Amino acid sequence: MKYLGIISILIGIYVNLALFTQLFEMIFDTVIPVFLIGLAGIGLATLSLKENKGTFHTCSASVGLLVNLLPMMGYLYLLIGLG
């Protein structure tokens, strides 16, 4: 529970790499597992924000939330916008 923000940042980096590069193409054929992992990262970040134990935890949870949320929203925008 102490390092939820940092774990969500690491999950967000993984989601960024999995969505926008082809490093993990052999593991996941579709994007659905990556989105589920991203949702788990968003959940961990919001759980860490609700705990609010200090400035470092709040900042790391906020960064983790942004790192998870922005690539997923950007990918959905590209997917819907480009068809």
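FYI, it's all coordinate maths here, none of it is from the lab. Computed from a prediction, not measured in an experiment: that's the story for all the values here. Quick reminder, even Gly has a Cβ in these numbers, built from the backbone with ideal geometry, and neighbours come from all protein chains shown.
Just to be sure I understand the rule: take each whole DSSP H helix in the chain, project its Cα atoms onto its long axis, keep it if the span is 30 Å or more and its mean Kyte-Doolittle hydropathy is at least -1.0. Which ones pass? Both cut-offs are met by 55-82. Our estimate of slack between Lys53 and Met26, defined as 0.36 nm per intervening residue step minus the Cα-Cα distance, is 5.8 nm. Judged by the mean number of other Cβ atoms found within 10 Å, the most tightly packed of the peptides 54-66, 35-47 leads the ranking 35-47, 54-66. A P(r) calculated from all alpha carbon pairs of the chain, with 5 Å bins opening at zero, reads 3, 17, 26, 21, 15, 10, 6, 2, 0 percent. Put in order of Cβ neighbour count within 10 Å, fewest first, the listed residues Ile27, Ile13 become Ile27, Ile13.
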